[in-house]
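Contents: one structure, followed by commentary.
The values are calculated or read from the model by the stated rules, or taken from the named source; none is laboratory data. Small disclaimer: the values here were computed from a predicted structure and weren't measured. No Cβ is skipped: glycine too gets one built from the backbone with ideal geometry, and neighbour counts run over all protein chains shown.
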Amino acid sequence: MRCVLTLAIVTVLVAADSCAQELQFPRDAAGYVRRGDARRDAGHVDAAIQDYDEAIKLSPELATPWKHRGRALFSKGDLEGAIRDLTESIRLCPEDFSALSPEAVKIYKDGAAT
């Protein structure tokens, strides 16, 4: 029983270390999005936007980094940038209704969208 518990603890620690490494040194667009999300959640919106920028450079055809950067830009009050990125996210993946987020609805209601 003790060996099984030790193995389980080691497995969890290795997985946590691997996740920490991924956040510290992203290898692909998805990694940059994950790190951007973590930074945004921690209140570091500018750093998150930089990560989303990197994700877009690596894979401009993915809708997710555009959507997440649009939401981050919205949180900073950059409505023009938010509209641009959310629109691109919808263009790339029209079946992803999450891009029609509360942020997008607020932009529309406030009259910022034309």
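Given the criteria crowded, with 22+ Cβ neighbours inside 10 Å, more than 10 Å from the chain's Cα centre (by Cα) and among the aliphatic types (A, V, I, L, M), does Leu79 qualify?
It is false that Leu79 is crowded, with 22+ Cβ neighbours inside 10 Å, more than 10 Å from the chain's Cα centre (by Cα) and among the aliphatic types (A, V, I, L, M).
For region 50-114, which fully contained helices (runs of 4 or more DSSP H) count at least 2 residues that are modelled with pLDDT of 90 or more and among the aliphatic types (A, V, I, L, M)?
Ranges flagged: 63-75, 79-92.
Could you give me the residue pairs with C-beta distances under 6 Å whose first residue belongs to region 83-101 and is buried (at least 19 other Cβ atoms within 10 Å of the Cβ), whose second residue is outside any helix (DSSP H, G or I) wherever it lies, and which are 6+ apart or on separate chains?
Pairs that qualify, where the first residue is buried (at least 19 other Cβ atoms within 10 Å of the Cβ) and the partner is outside any helix (DSSP H, G or I), are Ile83/Ala113.
Evaluate the following for Ala30: is it touching a helix residue (DSSP H, G or I) at 6+ places or on another chain (Cβ under 8 Å), surrounded by fewer than 17 Cβ atoms within 10 Å (Cβ to Cβ), modelled with pLDDT of 95 or more and in a helix (DSSP H, G or I)?
yes
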